[in-house]
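Everything below concerns the one structure shown next.
The values are calculated or read from the model by the stated rules, or taken from the named source; none is laboratory data. All values reported here derive from a predicted model rather than from experimental measurement. Virtual Cβ from ideal backbone geometry, glycine too; neighbours counted across all protein chains shown. Note: areas computed on protein heavy atoms with side chains; ligands, DNA, RNA excluded. Shrake-Rupley method; radii C 1.70, N 1.55, O 1.52, S 1.80 Å.
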Amino acid sequence: MLPTPPRRYLGTHWGTYEANYTEQRLTELLPIAEDPDPSPIAQGMIVAQDAPSRIERPALRAGFLERVRNGSAPEAQTGERGRDTFVELPWEEALDIAALEIDRVIRTYGNHAIFGGSYGWASAGRFHHAQSQVHRFLNGIGGYTRSVQNYSYAAADVIVPHVIGDKRGLVSGHTPLHRIAQETDTLLLFGGLPHKNAQVSSGGISRHILRDFLDEVSARDARIVSVSPISDDTECAGVEWLPIRPGTDTALMLGIAHVLISEGLHDKGFLSTHTVGFERLEAYVLGHGDNVPKTASWAASITDIPETDIVALARTLAATRSFIMVAWSLQRARFGEQPYWMAIALAAMLGQIGLPGGGFGFGYGSTNGVGFPNRNTGMPALSQLSNPVADFIPVARIADCLAHPGETYDYNGQTRTYPDLRLIYWAGGNPFHHHQDLNRFHDLWQRPETIIVNESFWTATARRADIVFPVATALERNDIVAAGRDSFITPSHALRPPFADSRTDYEIFAALAERLGTIAGFTEGRDEEAWLRTMYDAALSSHSSGAALPPFDEFWKGGPFILEPTEETRNAELFAEFRRDPERAALETPSGKIELYSETIAAFGYDDCPGHPVWLEPDEWLGSDRGTAYPLHLISNQPKSKLHSQYDAGPHARADKIQGRERLRLNPADAQSRGLIDGQVVKIFNHRGACLAGLEVSEAIRPGVVQLSTGAWFDPDYSDAHRLCRHGNPNVLTKDMPTSRLSQGVAAMTCLVEVEAFEGPLPPITVFERPSIDSSRIYKEEK
Ligand SMILES: Nc1nc2c(c(=O)[nH]1)N[C@H]1C(S)=C(S)[C@@H](COP(=O)(O)OP(=O)(O)OC[C@H]3O[C@@H](n4cnc5c(=O)[nH]c(N)nc54)[C@H](O)[C@@H]3O)O[C@H]1N2
Ligand SMILES: Nc1nc2c(c(=O)[nH]1)N[C@H]1C(S)=C(S)[C@@H](COP(=O)(O)OP(=O)(O)OC[C@H]3O[C@@H](n4cnc5c(=O)[nH]c(N)nc54)[C@H](O)[C@@H]3O)O[C@H]1N2
Ligand SMILES: [Mo]
């Protein structure tokens, strides 16, 4: 048994905290002293552990249980996922049923009929990492259909390697923030540097770094230009705000490019030695093919940024040391590949790529740690084993896959076929938070024969499962926390016993593996403690940092171990080598250079992603002459008061709501023209769906735009003809469409809506209560 150390710590995606106890009761999570700018998100965690929405015991959907008990064919099941009653069963019985179902699906259809993509952030912690656990389990029983990409930056992830050969400047290799603070004169931000987003980082955080960076930049009098529909995306003294129409950044970049070309400000030398295809892009910018020169005035008419500002910006970018940052949000939109490709092209035209504080980078501020000069502490990892099933889907195409089994689709030059999924296993994610067009998704979610979910809370996804296994939270288990975008490693101690009858994902999968005859390969004979020791020792012996990490027992009794960056990591400039010697440090593109025109992409023949960056009119945007019924552009960005849907039931997230509904922000002019006042409950809707929200009237939002962040637990009223979500989940409004055929990424930001006053009595929020559980069937305690 692991000893309880004198000081106990918790590692989360939003920071590292020390636990405080009052009379043996966990009462506080205090940020560690090393963190200069801790996130308050942890404040809601302790209370939420015992919330009514915690799942107490294994539960089965009544219509599903009846079918299984009767031994009937899958078609015989009754009830609707999301509206049915649950029946609680003892662990052994529920595990038996789950194992039999998994076995039945494998025997009848094969392992590819199991979808184990199971996308989601789950919790920090390297051993109890839900994705690793579920994938390891499913691989052990013969594999599963996986998902590729992510909801965060799928379009970028596919396009960027075509342009620069790898993912430098997107997932790693960023020019450190501290270099930019020292060297950059003009910082051009697309999507800003939102402090709200830099609160979190996947895998955990030792120190939050964005605030210090912004202070440093503004103290040096650098010019900061924030291009965004929302002004408080960049909270920093002296920032200039260019309130752009959402989804039009590519047009702005093209307009800047036109000014550079027509005034001869582009770096012809760099373009000829370090890039290919500029002539094609130049011809397009000048309008040679389509007779539409992409002038500053053309860009002004699309973006709603004054022509004079565009011209002045282009000149400043060329005359000073300039750096272009693009938030991930820009590519989470229809044709999301384009602003990324065009930003690289613009940086190449400015010719500063590889110079100190010059060039481009993606995702700064999208998450803490981008631009952190980090050192590898040695990341402990649980092997996921290997997957014998080759099939996959792009992660955001899950609903299309359920809708069109056996049909083909394009993906990055391939023609692929959607598999026929019969069983879904989800652990560590909340698709009824993260997916688009939730009403459509709800209907398609009825199709699989069996859905199993491991969850700690009665989320909208747990409510739509056939079998729900209750999971102990990160506060209720021991783990090791370390992250790829930070240089630290910390013990994360069990701070309280597991809630009710919950178990860890590991215990659940071990029990299923035992029933399916794969336990030996799954556990390798280890319990939690043995795994933590093994994983720590493996990381210790493999890490390259030369850091003097202590042996496990000492580590376990200590606190966070933080590594300082070296001078070398602090000064690493993206593409410095390539700039110096483009032959020796050639890129891994077909040409070895930056591809402003890509023969590869052109050969795919996609009209929604041709051979060079282009402006394409998105399906829904403010300049469209179609559909004036929905005149507002919805920005469903990341929530300030939580990580996605996590701890929405906790007091910190709930304190941010208005009359219990998610906060919606609207410009005063748009509120006034609709007769809406601050603090009232409004209805936001389009032809896909509708939800309620609490109105904040705010100058921070540009006219024509409405902000409703993601994260409110989906709470549809099925007695309402439009299935009104009573709580404010924006994904009832977003369209489920791909960015393009190239990357099939998520395009949630492309969405038009209307807002009106909500009349009538306010419906209560039901999603924070337990779902209907049939108490005539008494659960028998095993303990
Ligand atoms: N409209 C719109 N939609 C979006 C976005 C957007 O910008 N706009 N952003 C997208 C993006 S970038 C992302 S990354 C996704 C995020 O979507 P998700 O990652 O799916 O969202 P989370 O709320 O983090 O879901 C994690 C779930 O795991 C559960 N969990 C936590 N720890 C554990 C554990 O140890 N075991 C198990 N079994 N469960 C656990 C939590 O209770 C929670 O329900 O949303 C996407 N959706
Ligand atoms: N607090 C908190 N932080 C988070 C998360 C969270 O859930 N909560 N989620 C994390 C995850 S998983 C991810 S992937 C990252 C996502 O990081 P991002 O994708 O960067 O985050 P968003 O908040 O969606 O968008 C950032 C800003 O971009 C602006 N924006 C939106 N559309 C446009 C546009 O068309 N043009 C321009 N110029 N600007 C636009 C919006 O005003 C928005 O506030 O955030 C991470 N950080
Ligand atoms: Mo994300």
Taking region 392-436 as the region of interest, how many residues are within 16 Å of ligand 3 (Cβ to nearest atom) and either more than 27 Å from Ser456 (Cβ to Cβ) or β-branched (Val, Ile, Thr) (or both)? 3
Say we look at region 311-341 and pick out the residues that are of a type in the set (Gly, Ala, Ser) and in a loop (DSSP other than H, G, I, E, B); which of these is nearest to ligand 2 (Cβ to nearest atom)? Ala327
When you scan region 189-202, how many residues do you find that are surrounded by 23 or more Cβ atoms within 10 Å (Cβ to Cβ) and not hydrophobic (A, V, I, L, M, F, W, C)? 6
So, in region 471-528, how many residues would count as being of a type outside the set (A, V, I, L, M, F, W, C) and closer than 21 Å to Asp35 by Cα? 9
Got at least one residue in region 333-355 being more than 30 Å from Leu271 (Cβ to Cβ), assigned by TED's automatic domain parsing to the domain that holds Glu240 and at pLDDT 95 or above? no
Hey, which of the strands (runs of 3 or more DSSP E) in region 642-758, taking only ones fully inside, have at least 2 residues that are within 16 Å of ligand 2 (Cβ to nearest atom) and open to solvent by less than 40 Å² (accessible area, probe 1.4 Å)? 663-666, 705-708, 752-757
What are the residues in region 385-400 that are touching a helix residue (DSSP H, G or I) at 6+ places or on another chain (Cβ under 9 Å) and buried (at least 18 other Cβ atoms within 10 Å of the Cβ), if any? Asn387, Val389, Asp391, Ile393, Pro394, Val395, Ala396, Ile398, Ala399, Asp400
If you take the residues of region 228-246 that are open to solvent by 50 Å² or more (accessible area, probe 1.4 Å) and in a strand (DSSP E or B), which of them is nearest to ligand 2 (Cβ to nearest atom)? Trp241
Reported set for region 1-29 where residues are closer than 20 Å to Phe555 by Cα and over 26 Å from the mean Cα position of the chain (by Cα) is Met1, Leu2, Pro3, Thr4, Pro5, Pro6, Arg7, Arg8, Glu18, Ala19, Asn20
Cβ pairs under 6 Å, 6+ apart or interchain, first in region 653-672 and over 16 Å from Leu632 (Cα atoms), second assigned to a helix (DSSP H, G or I), ordered by first then second residue, are Ala653/Gly44
Any idea which of Leu100, Leu138 is open to solvent by 20 Å² or more (accessible area, probe 1.4 Å), in contact (Cβ under 8 Å) with a residue 24 or more places away in the chain, assigned to a helix (DSSP H, G or I) and assigned by TED's automatic domain parsing to the domain that holds Leu421? Leu100
Output the residue which, of all residues in region 16-42 that are of a type outside the set (D, E, K, R), open to solvent by less than 30 Å² (accessible area, probe 1.4 Å) and assigned to a loop (DSSP other than H, G, I, E, B), is farthest from ligand 1 (Cβ to nearest atom). Ile32
Give me the strands (runs of 3 or more DSSP E) completely within region 399-467, filtered to those with at least 2 residues that are of a type in the set (Ser, Thr, Tyr) and more than 16 Å from ligand 1 (Cβ to nearest atom), ordered by residue number. 408-411, 414-417
Can you tell me which residues in region 199-215 are within 16 Å of ligand 3 (Cβ to nearest atom) and touching a Phe, Trp or Tyr at 6+ places or on another chain (Cβ under 6 Å)? Gln199, Val200
Restricting attention to region 204-218, report how many residues are touching a residue at least 40 places away in the same chain (Cβ under 8 Å) and open to solvent by 20 Å² or more (accessible area, probe 1.4 Å). 4
Would you confirm whether any residue within region 219-227 is over 17 Å from Glu307 (Cα atoms), touching a residue at least 60 places away in the same chain (Cβ under 8 Å) and either buried (at least 18 other Cβ atoms within 10 Å of the Cβ) or not hydroxyl-bearing (Ser, Thr, Tyr) (or both)? yes
Qualifying position, being assigned to a loop (DSSP other than H, G, I, E, B), in contact with a helix residue (DSSP H, G or I) (Cβ under 8 Å, 6 or more places away or on another chain), of a type in the set (D, E, K, R) and on the phi < 0 side of the Ramachandran plot, among Arg126, Arg83: Arg126
Kindly provide the set of residues from region 612-638 that are away from ligand 1 (no atom under 16 Å from the Cβ) and small (Gly, Ala, Ser), ordered by number. Gly623, Ser624, Gly627, Ala629
When you go through (1) open to solvent by 40 Å² or more (accessible area, probe 1.4 Å); (2) touching a residue at least 60 places away in the same chain (Cβ under 8 Å); (3) assigned to a helix (DSSP H, G or I); (4) not hydrophobic (A, V, I, L, M, F, W, C) one by one for Thr308, which number turns out not to apply? (2)
